[in-house]
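Structure record follows, encoded as structure tokens.
The values are calculated or read from the model by the stated rules, or taken from the named source; none is laboratory data. As the structure is a computational prediction, the values presented were derived from the model and not from experiment. Note that each Cβ is placed from the backbone with ideal geometry, even for glycine, and that neighbours are counted across all protein chains shown.
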Amino acid sequence: MDSPNQPAPGARASWAKRLGVIGAAAATTLLAGCSSERWEVGFLPPDSKGATSHTDHYIALWNGGWIAALIVGAITWGLLMWCIVAYRRKKSDRGLPVQMRYNMPVEILYTVVPIILVLVFFFETVKTMDNTINDDTEAEQVIEVYGKQWAWDFNYVTEDVHYAGVQANLDGTEQPGIEAPTLYLPANTDLELKLESRDVIHSFWIPAFLEKRDMIPGRSSSIHLQALKEGDYMGKCAELCGEFHSEMIFNVKVVSPAEYDDYIESLREQGNEGVLGEEYNRDDWYDNPYEQEGAEN
């Protein structure tokens, strides 16, 4: 039985309406400063849109996730604030408030909605992975990327040429990586990037491509994709790999097939024929002596 001194339901509804108007105005003001371009990519790097054959899949999954989370959060915070305002205690109130009260529609809502969200996220994630991580499209160009302390080697396997990178030196200028190793990719071409490490664990990351892969000594991994948008991008190692990890950066140039062919020819003219293989690895430190032939257990 309700306390006789509690206000009748709906007596404070006007406060909830005022709170809703204030919240809507604040949200509108906050979001008005964001450009449509930033919204389209979900505040990811603006040049990610259409950068590769994978990025739009990642952007769609990311946007769907945070929009769903924002809607659920807004409803939850709205209900919390409405309860705080509508059922607050006044000085004129006497006695205890109602000790048991529930709203069946809300109870059902917060049971059904999480189940639906989990199922939708699961199926959308699987679909995205099939289009990206599990992409095994046959490559027209195979490029082998070796991470090493603290630079990169690029083997253009299909063309049988290579580029040997040296460590970039951060000097405090606005373009410290202008002399960093540069990876050339032909646009609109099926690519396989084979990722290897020569020494310790590194991580291959081109932020605008929205993909990152660990490079573990003794293990190979790969990325199959098409680079769709010509331009210059930045890459870096995303795994703390030693003293000069911060200088392990590289540039990426997505160019037309004709320009790519010209670059490959320039490597040949420089005498960079063949590939830089495992002979340059520093892998003795992680060999397991118990796996060597003839070793006793």
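A few remarks follow.
- Positions within region 89-133 being at pLDDT 90 or above, farther than 18 Å from N63 by Cβ and part of a loop (DSSP other than H, G, I, E, B), in sequence order: I133
- Which listed residue is under 27 Å from S266 (Cβ atoms) and of a type in the set (D, E), from E179, E124: E179
- With respect to the conditions (1) out of contact with any Pro (no Cβ under 6 Å at 6 or more places or on another chain); (2) modelled with pLDDT under 90; (3) loosely packed, with under 12 Cβ neighbours inside 10 Å, G271 lacks only one, and its number is (2).
- Of all residues in region 158-181, those satisfying the criterion of being farther than 17 Å from N281 by Cβ, surrounded by fewer than 17 Cβ atoms within 10 Å (Cβ to Cβ) and modelled with pLDDT of 95 or more are T158, D160.
- Pair list, Cβ under 6 Å, 6 or more apart: region 254-272 residue farther than 19 Å from L225 by Cβ, other residue at pLDDT 95 or above and in a helix (DSSP H, G or I): I264/E159
- Verdict on L195 being outside any strand (DSSP E or B) and of a type in the set (A, V, I, L, M): no
- On the stretch given as region 262-281, residues that are within 17 Å of N188 (Cβ to Cβ) and more than 31 Å from the chain's Cα centre (by Cα) total 1.
- Residue match in region 196-204 (condition: hydroxyl-bearing (S, T, Y), at pLDDT below 95 and under 22 Å from the mean Cα position of the chain (by Cα)): no
- None of S246, S266 is at pLDDT below 95, among the hydroxyl-bearing types (S, T, Y) and assigned to a helix (DSSP H, G or I) except S246.
Results for (1) in contact with a Gly (Cβ under 8 Å, 6 or more places away or on another chain); (2) outside the structural domain of A69 (by TED's automatic domain parsing); (3) in contact (Cβ under 8 Å) with a residue 40 or more places away in the chain, shown as yes or no for each residue.
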residue	(1), (2), (3)
M81	yes, no, yes
I84	no, no, no
P105	no, no, no
L109	no, no, no
L117	no, no, yes
F122	no, no, no
T125	no, no, yes
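- Whichever residue in region 102-143 is in contact with a Phe, Trp or Tyr (Cβ under 8 Å, 6 or more places away or on another chain) and closer than 18 Å to K212 by Cβ and, among such residues, is surrounded by the fewest Cβ atoms within 10 Å (Cβ to Cβ): T128
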